[in-house]
Amino acid sequence: MSCPSCKLGNPVEFSGEMMLHTSGRKNVDNTGVWLFPKILVCPDCGFARFMVPEAELTLLAGEPTTRERLTGAAGC
């Protein structure tokens, strides 16, 4: 798989740890959401990408995902 940015090489996979926060003063009390994604990093240009798991995506969005609405599954 080539890099989507520079079209060179093969991205290297890393384990990541990050906290995502909603920006702005109105969200200052928001505790954020911890993520532990696999991150693909291009060694040629530095482009990186990762996927947010559905459970954490629900927390970030603050509402049920499309799949949860369609299946009736409860959110986190």
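Computed from the coordinates by the stated procedures, all read-outs in this text should not be read as laboratory data. Note that the structure is a prediction, hence the values are computed from the model and not measured. Backbone-built Cβ (ideal geometry, glycine too); neighbour counts: all protein chains shown.
Cβ-Cβ contacts under 8 Å between residues 6 or more apart (or on different chains), taken from a first residue in the range 1-26 that is free of Cβ contacts under 8 Å to residues at least 60 places away in the same chain to a second residue that is loosely packed, with under 10 Cβ neighbours inside 10 Å and not in a strand (DSSP E or B), are listed as Asn10/Met1; Pro11/Met1. On the stretch given as the range 5-39, residues that are within 29 Å of Gly62 (Cβ to Cβ) and over 12 Å from the mean Cα position of the chain (by Cα) total 13. Pull out all pairs, ordered by first then second residue, where Cβ-Cβ is under 8 Å, the residues are six or more apart or on different chains, the first lies in the range 34-55 and is surrounded by fewer than 13 Cβ atoms within 10 Å (Cβ to Cβ), and the second is of a type in the set (Ser, Thr, Tyr) and not in a loop (DSSP other than H, G, I, E, B). From the range 34-55, the pairs are Phe36/Ser15; Lys38/Ser15. Scanning the range 1-33 for residues that are among the hydrophobic types (A, V, I, L, M, F, W, C), more than 15 Å from Phe47 (Cβ to Cβ) and surrounded by 10 or more Cβ atoms within 10 Å (Cβ to Cβ) returns Met18, Leu20, Val33.
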